[in-house]
Amino acid sequence: MASALASSSHWPPRLRPAASGTGSSWTCTVRSGTPTREHAGEGRREDGGCGGCRPAISRSVAQLPSAAPANIWRMSDLPTLHLRGNSSILLVLSNINASYRTDFGFYTSDGHSFVLSVFYLQLETVIWSANPDNPVNYSAVLNFTRDGDLLLSHSNGSVIWSTATKGKQVATLSLEALGNLVLSDKTNTYVWQSFDHPTDTLVLGQSLCFGMRLTAIPSAKKWESARIYLSADLGGLRYSFEPAAYSKLFQPTVVGNSTSICYSFVNGSLGFPNQIIALPPTRSLQLMRLESDGHLRLYEILVPYPNSMQLVFDVLSTVMDYCDYPLACGDYGVCSNGQCSCPSLSYFRFKNERHPEDGCIPLTSISCNRQGDHQLQPLNDVSYPRGTVFQSLATASQSENICKLACLRDCSCRVALFQRDGYNDSGSCLLLSEKKLMLLVEGSPDHSSAFIKIQGDRSKNTKITAVVSSVVAFLSLVLIIIPAVIWRTKKKADEESFIFIPGAPKRFSYDELKVATRKFSAKLGAGGFGSVFKGKIGKEIIAVKCLEGVEQGMEEFLAEVKTIGRIHHLNLVSLIGFCSEKSHRLLVYEYMSNGSLDKWIFHTSPVFTLSWKTRRNIIMAIARGLSYLHEECKEKIAHLDIKPQNILLDDKFNAKLSDFGLSKQINRDQSKIMTRMRGTRGYLAPEWLGSRITEKADTYSFGIVMTEIICGRKNLDESQPEESIHLVSLLQEKARSGQLFDLVDNGSDDMQCHIEEVMEMMNLAMWCLQVDSTRRPLMSTVAKVLEGAMNMEDMPDYSFVPDYVSNHTNIAGSNSCYKPTESHLSGPR
């Protein structure tokens with residue numbers, strides 16, 4: 001690291017690194033048999049006491065006189081620090097300062113495989129590894145030889161990794177505060193440093209020089225040897241994916257006078273002394289990591305909370321769109337505007353419908369034993385990423401037909417893509433197999449085409465098939481005619497019921513919605529009454545729900561159009577239109593781009609947490625939406641299924657209530673109604689056990705959701721210790737013992753900064769959770785308290801769980817079956 005960097009203004013004041021022969025940071029060093037501390041550049045030594053910087057083992061290596069024996073570390077002799085789960089680190093060296101601690105040793109996540117690593121202890125984060133692709137077992141040995149080489153070996157002596165510094169006058173092994181493992185000579189000149197051999201992480205002040213690269217192992221396990229790289233090239237930083245030959249070069253956007261072939265990560269910039277990407281400035285330590293999904297993410301260590309790390313920036317977001325990442329949508333996935341879909345529902349299905357980014361699977365498997373039956377079907381409006389990637393992989397072809405023939409002759413070929421040269425028949429042909437990257441993007445450029453291989457069927461047993469079909473057809477005809485007449489009569493009556501619906505929203509044809517959703521290819525999710533797909537009508541993005549189950553879905557659909565179509569509120573998802581055509585029943589809603597609340601509060605995204613202001617606004621929105629349903633509609637509407645999955649968020653994290661599939665209308669002159677138990681386990685009010693409920697059942701569920709938002713965990717969480725599985729029971733216990741602070745989401749430092757307001761919100765949640773429904777506030781009262789227009793009543797006691805179910809959380813039951821009527825509304829899930 002150049003000495004100019006050590007004093008550069010690009011450094012935060014507290015984090016100027018030591019350089020070779022200059023600088024002012026402490027490095028942890030141990031002389032043969034005696035612990036010491038050195039001041040980098042001055043060579044001062046304090047024997048006998050390391051102060052804030054001490055070795056993990058008192059007999060480690062710093063200086064190797066010619067007569068000294070080799071220094072050996074065996075795992076059985078090393079002190080162990082146990083981390084979360086089965087993770088631990090066996091310590092060789094440690095560097096401890098006021099803000100954080102850095103360790104060098106053997107890290108394991110399972111107790112069996114060990115990687116020699118540099119580690120930020122409080123963050124439990126590995127920043128460098130010697131042998132990431134070749135972990136060792138407990139018998140491995142680390143040897144600092146008399147010749148100055150640092151060797152990692154199996155117990156039989158075979159070398160796994162080495163610094164290759166034999167005979168280079170190495171005298172000292174040290175660990176710097178920022179995590180740089182250094183081998184130095186007697187003049188403190190660096191002979192070898194881990195910063196010159198990065199793995200997947202750069203820390204502030206570290207450089208990528210020509211020949212160096214960051215490496216990430218993709219989360220998709222399609223190829224064992226697959227790697228994602230960010231490399232220092234002569235023209236900038238190169239992002240690549242192998243073995244797919246995918247590559248992008250990022251050149252400097254701000255160029256200085258320097259001709260350096262190193263690109264440094266400094267405060268506010270990546271690429272110093274030039275600039276390739278501008279970064280958010282910091283006054284503490286930052287690190288950036290190339291992760292398994294291909295994203296390069298910038299993190300900041302929060303001071304004075306050194307045990308937490310916050311995502312600051314997706315570094316490549318200014319130079320790469322979501323769809324530019326080679327693994328964005330998996331095999332066969334089509335990426336468009338950050339959304340993943342399958343190229344055709346006729347030939348593909350999602351590998352995992354809840355995770356479209358995992359890619360798609362062909363509906364027909366290809367058999368090389370029946371290669372003569374292979375067929376190619378056109379794929380509309382899809383192509384391979386344009387530019388140099390396609391050109392580098394494609395081969396010249398005389399025509400589209402020859403390209404297709406080449407795919408049919410090659411059993412491993414799954415997709416054929418052809419790009420004509422202008423208006424000529426000749427062009428470029430790219431054949432994709434399972435061994436290559438099945439990456440597709442939306443849009444078909446001029447003169448290009450794509451084809452998918454399917455397994456055809458040319459069975460010669462057509463006579464047998466015809467005979468069997470005739471017999472089956474005859475028997476089926478008898479069984480179908482009479483029910484068909486009855487069904488047609490009923491269907492006609494049902495169709496007529498949708499012709500005139502007073503005050504109904506816009507009516508769409510099925511073909512209109514089929515086009516709008518690209519043949520229902522982009523699935524957003526599924527619920528009790530059907531699946532939801534993303535679509536677009538004009539410039540408006542929509543969510544289209546296809547009701548499934550003819551009998552149940554039809555009644556559910558009629559209730560939706562008649563009821564939810566007449567209510568409008570800022571905090572309720574809007575019904576834009578509907579479709580009733582033959583057997584098709586579809587509902588068209590406004591699109592909520594950030595999905596449901598559960599994805600944001602239960603830490604499914606470990607790199608992002610909601611701020612307290614956002615959480616408070618979401619709570620306020622839910623309260624206002626429920627207040628409208630309970631008190632401002634012509635008839636009271638009890639939602640009866642309030643849970644994070646039914647609270648949707650738009651692009652600005654404004655919350656709206658959705659999914660009215662279990663709702664119940666209550667006449668204003670009714671105090672309570674009898675109804676079957678409905679809702680979701682973990683969110684049901686105690687009065688459901690008697691099936692006599694009011695709209696205050698929603699208030700109880702709202703209290704649970706409030707508590708989940710504040711605590712960052714589910715009400716029923718089987719992964720917790722037995723005594724902590726039920727959050728509301730735990731809340732009752734902590735409230736009575738005055739330990740509510742223990743429950744606040746410890747993954748959000750912003751909440752700790754607003755702890756007084758958080759505690760007030762916790763008290764409001766407890767008011768809503770009273771076992772006695774008459775003691776719960778109206779939702780309009782809750783909204784006014786949140787707005788500051790009213791004060792909260794003093795709570796008489798902390799009773800949130802009936803005594804007879806306090807220790808039996810499973811009694812809450814699961815979703816109930818029922819026959820819907822006009823008062824049961826359905827919405828997008």
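Every read-out reported here was derived from the displayed coordinates using simple, explicitly stated rules and does not represent laboratory data. Bear in mind that the values here come from a model prediction, so they are computed numbers and not experimental data. For neighbour counting, all protein chains shown are included, and Cβ atoms are generated from backbone atoms with ideal geometry for every residue, glycine included.
A compact table of results
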item: Neighbour-count ranking [beta-carbon atoms within 10 angstrom, fewest first] of Ser87, Ser174; result: Ser87, Ser174
item: Ranking of Glu242, Glu723 by count of other Cβ atoms within 10 Å, fewest first; result: Glu723, Glu242
item: Neighbour-count ranking [beta-carbon atoms within 10 angstrom, fewest first] of Lys634, Lys523, Lys734, Lys453; result: Lys634, Lys734, Lys523, Lys453
item: Calculated log₁₀ intensity ratio I(q)/I(0) where the Debye formula runs over C-alpha points of the stretch 250-385, q = 0.09, 0.12 Å⁻¹; result: -0.46, -0.68
item: Summed residue charge, Cβ within 14 Å of Ala396's Cβ, Lys/Arg positive, Asp/Glu negative; result: -2
item: Rounded if a/c under 1.5, otherwise prolate or oblate - the stretch 62-188, Cα gyration tensor axes; result: oblate
item: Links that overshoot a 18 Å alpha carbon limit, given the list Lys351/Lys523; Lys351/Lys404; Lys514/Lys582; Lys599/Lys656; Lys351/Lys545; result: Lys351/Lys404; Lys351/Lys545
